[in-house]
Amino acid sequence: MNSQHQILEVNQSLIARLIDYFKRAQDSDLYYSFRSSPVIVSAFIITMIMFFAAFLAPWIAPHQTLDLKTLDLMNAYLPPAWEPNSDPNFLLGTDDQGRDILSGIMFGLRISLGVGFVSVVVSAIIGTLLGLLSGYLGGRLDSFIMRVADVQLTFPAILIALLIDGIVGSLLPRAAYNELKLYVLVLAIAASQWVNFARTVRGSTLVEKNKEYVQAAKVIGVHPFWIMVRHVLPNVISPVLVIATLSLALAILTEATLSFLGVGVPPTSPSLGTLIRIGQQYLFSGEWWMTIFPSSALVILVLAVNLLGDWLRDALNPKLR
C-alpha cells in the first residue's frame, strides 16, 4: 500500500508540474507571437498533418504501395477520382505500376522526413561540437576547423552530397551499398550542412567565453570540458534550434533532388523525389497527376517548415521584440 501511495503521489506531482508548465507556456511571449499569426498557425497545422500522415502511413494509407503483391497493372495510369474513367478507390490516381498516388505520397513523406530529420540531427551534433571546440579553445584548432568550413562553403550542398555518395558507392560492393543506401544518404546530407551550425555556435561561444560566469568557473578550477558543456552550451543552443528548423527544409529538398537524380533512396522505398522523377516522364503524355501531386506535397511541406523556421528565428531574437 505504501508503494502504491508513493507512486500515486509522484504521478500527481508530475501532472501538477506539467499543468504549471503549460500555464506558463501560454503566458510566454513565444506563444503569444505564435497564436497572433494566422500564417504561422496554418504552417504549423500543415506540418503536423504531414508529420502524422508520414508516421502513420503503414496504418492509415489507403493502399500498401510498398507491397508488390498488392499491385495490379490493370490499375495503371488511372486519373484522379474527379476525372472521367477514374476509380474512386484511387483518390489522386495511380502511376505506371498501378500504385496509388495518395498512398505513395504518404510513404514518400515518411522517407523524406525521416532522412531529413536524422541528417539534421547528425549535422547539428557535429557542427555544434566543432563550433564549441573552435570558439572556446581557439588557436590552431579554430583556424583548421574554420578553414575547412570556408572551403566547403565554396561548393554547393548538393555537390558535396553527390561527391560523398559517389565515393562511398565506389568503395563498397554493390550489394552492401544498396543495403546502406539510406545511411549513406543521411551522412552525405549531414556532411553538407554542418558548417552553418559550426560557424553560428563558434560566434556565440566567442561571446560567452569572455563573460563573468565563465571566468568565475575558470577561477575555481572547473575543467574546460565541463565549462563548455554545463555553462557555454546551454547559452548557445537557441540559434542551433533555429538553424535546425531551417536546415530541415533544405535537407528535405536535398534528399528529393538526389532521389530525382537517381542517387537517393533505393527504388524499393521511394521518396517524394523518386515519385516526381517517375511522374515527370509522363507529364507531357497527359498523366499530369503523377508528378503534380508529389511536387505539390514537397512544395507545401518545405514552405510550411521554412515559415516556422523564419518565425522561430524572429521570435527568439531579443533585438526584434
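The values are calculated or read from the model by the stated rules, or taken from the named source; none is laboratory data. The model shown is predicted, which means the values in this text are computed figures rather than measured ones. All accessible areas refer to the heavy atoms of the entire protein, side chains included, with ligands and DNA or RNA removed. Shrake-Rupley method; radii C 1.70, N 1.55, O 1.52, S 1.80 Å.
A compact table of results
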quantity: Of Q152, Q215, Q280, the one that fluctuates the most in a GNM where the chain has Cα springs shorter than 10 Å; calculated: Q215
quantity: Mean separation of Cα contacts under 8 Å, 6 or more apart, over the residue count of the range 24-145: relative contact order %; calculated: 19 percent
quantity: Fraction of accessible area attributable to carbon and sulfur, the range 194-321 (%, probe 1.4 Å); calculated: 64 percent
quantity: Tail beyond 30 Å, pair distance distribution of the chain (Cα, percent); calculated: 50 percent
quantity: Helix-only mean residue ellipticity at 222 nm for the chain, each DSSP H run of n ≥ 4 adding -39500 (n - 2.57), per residue, nearest 500; calculated: -23500 deg cm²/dmol
quantity: GNM top mover of V222, V207, V168 - the chain, alpha-carbon springs below 10 Å; calculated: V222
quantity: Accessible surface, per residue, of the range 82-152 when the full set of protein chains is kept, probe 1.4 Å, Å²; calculated: 45 Å²
quantity: Most mobile of A149, A216, A297 in a GNM of the chain (Cα contacts under 10 Å); calculated: A216
quantity: Kyte-Doolittle mean at least 1.0, axial Cα span of 18 Å or more - DSSP H helices of the chain; calculated: 38-55, 101-137, 157-171, 233-260, 289-315
quantity: Bins of 5 Å from zero: percent of alpha-carbon pairs in the range 178-308; calculated: 2, 9, 14, 14, 13, 11, 9, 8, 7, 5, 4, 2, 1, 1, 0
quantity: Amide H partners (placed H, <5 Å) of A81, local residues excluded; calculated: L92, G93
